[in-house]
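No lab work stands behind these numbers, since they all come straight from the coordinates. Worth saying up front: this structure is predicted, and the values here are computed from it rather than measured. Here Cβ is always computed from backbone atoms with ideal geometry, including for glycine, and neighbour counts include all displayed protein chains.
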Amino acid sequence: MTGDWNVNPPSNDEEPIDRLLTAWARDRDVEVGPDAARLAADRALAEIHAAPQRRWMPAAIFGGSVAAALGGVLLLSPADDPSGSGAPGAAPGVELASSSSSSAPAPGAVDDGLPRFVGTEAALAALPEDLPDLDDPTDDALMASYVFTLGPAEEPIY
Amino acid sequence: MADVAAGDDEAFRALTEVLYGPALGTAMKVLGSRAEAEDAVQTALVKLWRTAERFDPAKAKVETWFRRIVVNCCIDRKRSLKPVDPIDEAFDLESDEPGPEAETAGLMRDKRVGDAVMKLPARQRAAITLFYGDGATMNEIAEALETTPKAVEGLLARARAELAKMLEGLREEL
């Protein structure tokens with residue numbers, strides 16, 4: 001099969017070197033099997049259709065790694081609230097008191113049998129005495145790395 | 001081509017039937033090896049599919065568009081491969097005796113020209129192939145090589161001068 005793309009004679013002077021190069025460049029008798037083009041097309045299509053799946057692989061691996069790392073951080077963090085109420089320092093079963101709350105039930109409150117906050121005295125009694133100061137570093141895994149990082153003065157000299 | 005851009009596998013197969021042979025011929029001229037040429041055309045076919053939606057029939061024919069992709073794939077491939085001289089290259093170039101693969105004077109001459117062209121940088125080789133083989137214009141070659149027509153003129157002039165020097169011995173045969 002010969003290449004027949006825009007075949008026009010070169011427009012420069014026909015010197016021997018040009019004749020040589022033209023003869024060489026136009027000799028494109030390439031043996032192409034009857035199914036070669038179809039096989040090439042099928043191979044290309046297989047690669048094209050497989051590629052989107054492969055493109056997701058790095059993203060999936062990266063996403064999985066990040067999720068695993070976050071999971072590890074959460075597991076290693078000491079729980080501030082064993083009850084899981086989300087309120088640091090709050091005792092189990094005690095909701096945080098607001099400044100407007102009182103021991104008397106609110107007007108119109110419905111007694112549905114659910115455990116409810118009954119008064120500020122009980123809540124205060126249940127709170128730990130040494131509440132963490134706002135200036136204290138938070139006690140989590142990220143800060144642990146901060147705590148255990150050697151300062152410049154502690155760096156070993158080799 | 002519009003069907004290919006729309007993701008039609010059968011249209012892609014039909015287009016490949018038309019483009020494959022000429023593309024392989026060009027790639028073989030630029031790369032000098034059938035195996036490498038087949039790989040380059042394979043890569044070019046995948047690129048053709050992926051860039052099909054950017055094809056503008058008002059600007060170029062499909063063949064010209066694909067030729068540009070093929071030449072680029074050949075040059076990229078040549079950049080990524082270490083140059084390896086064929087085992088018999090030095091022997092054949094230095095010897096005036098026809099080898100077993102070149103039984104006629106014409107074949108021998110073409111082989112010597114081919115060997116000389118293979119010593120050129122890939123971009124010069126591509127420019128020579130497109131200019132002399134395809135009759136491509138400076139603009140078309142510049143587009144294929146992603147450069148300017150002026151730069152193509154320089155590429156061709158350097159390649160031609162270098163080849164004229166290398167093929168001095170063939171001058172008497174013409």
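Using the Cβ-Cβ distance between residue A:62 and residue B:9 with R0 set to 45 Å, the FRET efficiency works out to roughly 0.90. Computed over region B:1-81, the P(r) tail beyond 19 angstrom holds 32 percent of alpha carbon pairs. Could you please report the charge total around residue B:26, scoring K, R as +1 and D, E as -1 over all other residues with beta-carbon less than 9 angstrom from its beta-carbon? Around residue B:26, the charge tally is +2.
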